[in-house]
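Written out below as structure tokens is the structure these notes cover.
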Amino acid sequence: MKFDEIKTILGKKTVGIAGAGGLGSNCAVALARVGTGTIVVADFDVVSESNLNRQYYFHDQIGMPKTVALSENIRRINPRVNVISHNVHLTADNIPAIFSQCDVIVEAFDSAEQKEILIGTVLKDFPEKPLVIGLGMAGWGKNDLIHCRRVDNMFICGDEVSEIGPELPPIAPRVGMVANMQANVVLELLLPQSLQ
């Protein structure tokens, strides 16, 4: 399949990304680079200096809402991508309205509580929609442990064990690997399998 054909198919698709941190910002950029038509991104946080070790932001964007900074970065990469950004804290009440038009939803939260709310809401309100989650990307090395596992309509990307903590921080290489794996799963879901 030629890249122009890929872009034509993806240009008609909408992907939702819940969270614009390390996973979300890097996944969104990967999807923008291949021509995803619409990216819906939701996050309530602002860019901080400590984010720059793994998130797709720049030093002069510190203090900006992540959704605004990410929209700006995607526009610079691929102005044809329609970015719909929601600078909100996601809850079980607003998730259905924000992501209802998405073909695939990507979970990209740090917080276990936020992950649980998103997964529970999507499984209840959109059981037919594929959900791509990130689980286990802290630290460095151990590339061979990162994998993707399918559970019904949910795709789990990461090593599923390395929890983020003071002695095991999230840093660019592993976070980027999982974010790009999530984007690659999205492509597998949106592009015809017979043409690979």
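The values are calculated or read from the model by the stated rules, or taken from the named source; none is laboratory data. Just so it is clear, the model here is predicted, and its values are computed rather than measured. Here the Cβ positions follow ideal geometry from the backbone for every residue, glycine too, while neighbour counts run over all protein chains shown.
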Scan the range 111-129 and tell me whether some residue there is out of contact with any His (no Cβ under 8 Å at 6 or more places or on another chain), part of a loop (DSSP other than H, G, I, E, B), basic (K, R) and touching a residue at least 12 places away in the same chain (Cβ under 8 Å). yes
Selected residue (only one of G16, G22 is of a type in the set (G, A, S), in contact with a Pro (Cβ under 6 Å, 6 or more places away or on another chain) and either under 23 Å from E160 (Cβ atoms) or surrounded by 20 or more Cβ atoms within 10 Å (Cβ to Cβ) (or both)): G22
May I ask you to list the residues in the range 35-68 that are more than 20 Å from P169 (Cβ to Cβ), crowded, with 17+ Cβ neighbours inside 10 Å and in contact (Cβ under 8 Å) with a residue 24 or more places away in the chain? G35, T36, G37, T38, I39, V40, V41, A42, T67
Of the conditions (1) closer than 17 Å to G19 by Cα; (2) aliphatic (A, V, I, L, M); (3) modelled with pLDDT of 95 or more, I146 clears all except one; give me its number. (1)
Within the bounds of the range 131-143, is there any residue that is outside any loop (DSSP other than H, G, I, E, B) and farther than 24 Å from S85 by Cα? yes
Any residue at all in the range 161-176 that is charged (D, E, K, R), closer than 18 Å to T36 by Cβ and either out of contact with any strand residue (DSSP E or B) (no Cβ under 6 Å at 6 or more places or on another chain) or in a strand (DSSP E or B) (or both)? no
